[in-house]
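**Student:** Below are the structure tokens for one structure; questions will follow.
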Amino acid sequence: MRVWVDRMLRGGEVMRGVLFDADATGTVVAETSGVPRPDDAVALQVAAPGFANAHSHAFHRALRGRTHESGSFWTWRELMYRAAGRLTPDLYREFATAVFSEMAAAGWTSVGEFHYVHHRPDGTPYPDHAMEIALADAAEAAGIRLVLLDTLYLAGGIGRPLAAEQLRFGGGSVDRWLERWHALRAELDGRSPLVTIGAALHSVRAVPRDALSAAVGGLPASVPLHIHLSEQPAENDACVAAHGLTPTALLAAEGVLSPRLSVVHATHLTEADIRMLADAGVTAVFCPTTEADLGDGIGPALELHDAGVRIAVGSDQNAVVDPLLELRALEAGERMRSLRRGRFTPAQLWRIGSDDGYAALGLPAPARLGGPLDLVEIDARTVRTAGGALEQLPLTATASDVRRTVIGGRVVSRDSDDTADALQRSIASLFGEAP
Ligand SMILES: [Zn+2]
């Protein structure tokens with residue numbers, strides 16, 4: 001597989017005539033620059049390393065355009081539980097294929113799927129990891145790189161059992177979840193270069209204090225680990241009331257903070273929290289369009305970044321599926337908070353969207369020697385992008401300007417009508433409506 005890029009955007013620079021060679025697994029084995037286009041290579045005009053969607057719940061896509069009248073994060077969650085309650089493995093395979101296709105067409109070349117809808121609605125397991133295999137099938141059908149972040153979920157809140165609608169998320173116990181996780185890992189191993197496994201702890205709400213270190217200790221050290229952290233003030237209040245510690249301090253006390261950890265949202269943090277996260281070398285995954293949609297607040301992205309925390313972005317509830325808008329919303333939040341411009345430079349935004357997101361998912365940097373040949377081609381001559389500097393495309397382009405994505409050396413087709421039909425069909429069937 002060979003891909004040639006006329007103008008390659010990387011590290012804040014524009015390189016001319018870059019030729020990538022990839023092996024059968026889609027890994028870059030050679031890169032040369034300043035060369036004319038060979039006849040046997042796919043040619044892209046303006047391209048950059050692919051974007052990593054470091055936090056997604058694919059089925060939340062069903063709520064887009066249905067929840068905007070009123071309410072809060074907590075009332076939105078009630079509707080989300082209703083959608084989760086109707087998923088079956090077959091329906092999720094079809095629906096997630098459409099959502100992952102939407103992502104790939106938008107320029108996300110990899111996705112960390114934070115997955116907790118494991119079992120039947122009454123909590124009894126499906127045979128043979130049916131839900132997880134449905135997601136792996138969906139990623140392969142869509143051609144997107146998937147890191148399946150299989151999630152431990154044990155409690156309905158601090159000191160509370162699972163509610164009826166949470167039974168299908170429940171891991172039972174740390175030991176039972178670990179046993180299932182290792183079996184799933186063996187099942188996915190060697191299946192496809194596109195699919196790997198990671199792990200997640202849902203949150204300090206859903207994983208009791210005494211389960212945290214046991215869960216971390218039972219996972220291989222190489223595996224990326226994610227957790228929702230301090231998305232809502234109510235979560236912080238409950239944690240302080242129960243343990244006398246902020247959620248970040250609780251994770252520090254239980255040995256969860258480490259360079260392989262990604263904390264998702266990190267919206268409501270103290271200065272001490274920021275120091276602890278930086279000292280431990282964690283990544284913070286911001287989901288700015290979701291945090292705006294749910295009224296979560298604006299997290300201290302720049303303070304974290306300046307303290308040394310790596311930043312990545314994710315689409316989370318998929319109300320918006322657009323890596324460029326995610327990056328722009330991250331920067332917009334900083335400008336709104338600080339009354340200043342240029343908080344993150346365009347070069348930093350490229351890195352946050354791509355290399356640092358890949359690292360958060362345990363993946364090597366894309367479009368580099370030894371990394372996956374994942375690229376996003378952006379049209380620099382549309383009504384939005386014409387006339388601007390290529391390096392500043394994260395501040396001008398949207399997913400509508402993404403022409404093609406290359407994932408593992410293969411061009412992912414972009415048929416938005418087919419994807420829209422598939423989304424319409426599966427969302428209607430999820431809610432029991434006519435398509
Ligand atoms: Zn989430």
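**Student:** Could you go through region 58-67 and let me know if any residue there is part of a loop (DSSP other than H, G, I, E, B) and away from the ligand (no atom under 16 Å from the Cβ).
**Tutor:** Scanning region 58-67, I find at least one residue that is part of a loop (DSSP other than H, G, I, E, B) and away from the ligand (no atom under 16 Å from the Cβ), so the answer is yes.
**Student:** Looking at Glu187, Glu165, Glu179 in this structure, which one is of a type in the set (Asp, Glu) and closer than 24 Å to Arg86 by Cβ? Show your work before the answer.
**Tutor:** Details: Glu187 fails: closer than 24 Å to Arg86 by Cβ; Glu179 fails: closer than 24 Å to Arg86 by Cβ.
On inspection, the qualifying residue turns out to be Glu165.
**Student:** Now for a separate question. Considering each residue of region 107-152, count those that are charged (D, E, K, R), within 14 Å of the chain's Cα centre (by Cα) and more than 16 Å from the ligand (Cβ to nearest atom), and give that number.
**Tutor:** Going through region 107-152 one residue at a time, the tally reaches 1.
**Student:** Could you name every one of the helices (runs of 4 or more DSSP H) located completely within region 222-296 that has at least 1 residues being within 13 Å of the ligand (Cβ to nearest atom) and in contact with a Ser or Thr (Cβ under 8 Å, 6 or more places away or on another chain)? Quick ask: steps written out before the conclusion?
**Tutor:** Working: elements: 233-243, 247-253, 271-280, 288-293.
Helices (runs of 4 or more DSSP H) meeting the threshold: 233-243, 288-293.
**Student:** Moving to a separate point now. If Asp279 satisfies all but one of (1) out of contact with any helix residue (DSSP H, G or I) (no Cβ under 6 Å at 6 or more places or on another chain); (2) at pLDDT 95 or above; (3) under 23 Å from Glu113 (Cβ atoms), what's the number of the condition it fails?
**Tutor:** In the conditions (1) out of contact with any helix residue (DSSP H, G or I) (no Cβ under 6 Å at 6 or more places or on another chain); (2) at pLDDT 95 or above; (3) under 23 Å from Glu113 (Cβ atoms), Asp279 misses (3) alone.
**Student:** Still on this structure, I have one more. Can you go through Leu44, Leu19 and tell me which one is among the aliphatic types (A, V, I, L, M), closer than 27 Å to Val313 by Cβ and not in a helix (DSSP H, G or I)?
**Tutor:** When all the criteria are applied, what remains is Leu44.
Residues are listed down the side, and each one gets a yes or a no for (1) at pLDDT below 95; (2) assigned by TED's automatic domain parsing to the domain that holds Gly26; (3) of a type in the set (D, E, K, R):
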{"residue": "Asp374", "(1), (2), (3)": "no, yes, yes"}
{"residue": "Ala380", "(1), (2), (3)": "no, yes, no"}
{"residue": "Thr385", "(1), (2), (3)": "no, yes, no"}
{"residue": "Gly388", "(1), (2), (3)": "no, yes, no"}
{"residue": "Pro394", "(1), (2), (3)": "no, yes, no"}
{"residue": "Val406", "(1), (2), (3)": "no, yes, no"}
{"residue": "Arg414", "(1), (2), (3)": "yes, yes, yes"}
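**Student:** Take the conditions on the phi > 0 side of the Ramachandran plot and outside any strand (DSSP E or B) and apply them to Asp90. Does it pass?
**Tutor:** For Asp90, the condition - on the phi > 0 side of the Ramachandran plot and outside any strand (DSSP E or B) - is not met.
**Student:** Taking Tyr81 and the conditions (1) away from the ligand (no atom under 16 Å from the Cβ); (2) among the hydroxyl-bearing types (Ser, Thr, Tyr); (3) outside any loop (DSSP other than H, G, I, E, B), which numbered condition does it fall short on, given that it satisfies the others?
**Tutor:** In the conditions (1) away from the ligand (no atom under 16 Å from the Cβ); (2) among the hydroxyl-bearing types (Ser, Thr, Tyr); (3) outside any loop (DSSP other than H, G, I, E, B), Tyr81 misses (1) alone.
**Student:** Of (1) modelled with pLDDT of 95 or more; (2) away from the ligand (no atom under 16 Å from the Cβ); (3) out of contact with any Asp or Glu (no Cβ under 9 Å at 6 or more places or on another chain); (4) farther than 30 Å from Gly17 by Cα, Ala104 satisfies all except one. Which?
**Tutor:** Here Ala104 meets the rest and fails (4).
**Student:** Could you check region 333-367 and list, in sequence order, the residues that are part of a loop (DSSP other than H, G, I, E, B) and either within 21 Å of the chain's Cα centre (by Cα) or surrounded by 21 or more Cβ atoms within 10 Å (Cβ to Cβ) (or both)?
**Tutor:** Phe344, Ser354, Leu361, Gly362, Leu363, Pro364, Ala365, Pro366, Ala367
**Student:** Restricting region 297-330 to residues that are among the small types (Gly, Ala, Ser) and not in a loop (DSSP other than H, G, I, E, B), which is nearest to the ligand (Cβ to nearest atom)?
**Tutor:** Once the filter is applied, the top-ranked residue is Ala312.
**Student:** Mind listing just one residue for me: the one in region 400-435 that is surrounded by 14 or more Cβ atoms within 10 Å (Cβ to Cβ) and of a type in the set (D, E, K, R) and, of those, farthest from Glu377 (Cα to Cα)?
**Tutor:** Arg425
**Student:** Name, by its number, the condition in (1) aliphatic (A, V, I, L, M); (2) more than 16 Å from the ligand (Cβ to nearest atom); (3) without any contact (Cβ under 8 Å) to a residue 60 or more places away in the chain that does not hold for Val14.
**Tutor:** Failing condition for Val14: (3).
**Student:** While we're looking at this one, here's another question. Just for region 160-201: of the residues that are part of a strand (DSSP E or B) and of a type in the set (A, V, I, L, M), which one is surrounded by the fewest Cβ atoms within 10 Å (Cβ to Cβ)?
**Tutor:** My answer is Val195.
**Student:** Among the residues of region 206-216, how many are surrounded by fewer than 18 Cβ atoms within 10 Å (Cβ to Cβ) and either in contact (Cβ under 8 Å) with a residue 24 or more places away in the chain or within 16 Å of the ligand (Cβ to nearest atom) (or both)?
**Tutor:** Result for region 206-216: 4.
**Student:** Same structure, new question: Can we say Leu79 is buried (at least 17 other Cβ atoms within 10 Å of the Cβ), within 22 Å of the chain's Cα centre (by Cα) and at pLDDT below 95?
**Tutor:** No, not satisfied.
**Student:** Separate question: Which of the residues that make up region 39-54 are touching a Phe, Trp or Tyr at 6+ places or on another chain (Cβ under 6 Å) and within 16 Å of the ligand (Cβ to nearest atom)?
**Tutor:** Within region 39-54, Ala52, Asn53 qualify.
**Student:** Just checking, does region 167-174 include any residue being charged (D, E, K, R) and more than 16 Å from the ligand (Cβ to nearest atom)?
**Tutor:** Yes, region 167-174 contains at least one residue that is charged (D, E, K, R) and more than 16 Å from the ligand (Cβ to nearest atom).
**Student:** Another one. Give me the pairs: first residue in region 228-244 and modelled with pLDDT under 95, second residue loosely packed, with under 14 Cβ neighbours inside 10 Å, beta-carbon distance under 9 Å, and six or more apart or on different chains, which are they?
**Tutor:** Listed by first residue and then by second, the contacts come to Gln232/Ser72; Gln232/Trp74; Ala234/Trp74.
**Student:** Let me ask something else. Restricting attention to region 56-77, does a residue exist that is of a type outside the set (Gly, Ala, Ser) and touching a strand residue (DSSP E or B) at 6+ places or on another chain (Cβ under 8 Å)?
**Tutor:** Taking every residue of region 56-77 in turn, at least one turns out to be of a type outside the set (Gly, Ala, Ser) and touching a strand residue (DSSP E or B) at 6+ places or on another chain (Cβ under 8 Å).
The values are calculated or read from the model by the stated rules, or taken from the named source; none is laboratory data. What you see is a predicted model, and the numbers here were worked out from it, not measured in a lab. Virtual Cβ from ideal backbone geometry, glycine too; neighbours counted across all protein chains shown.
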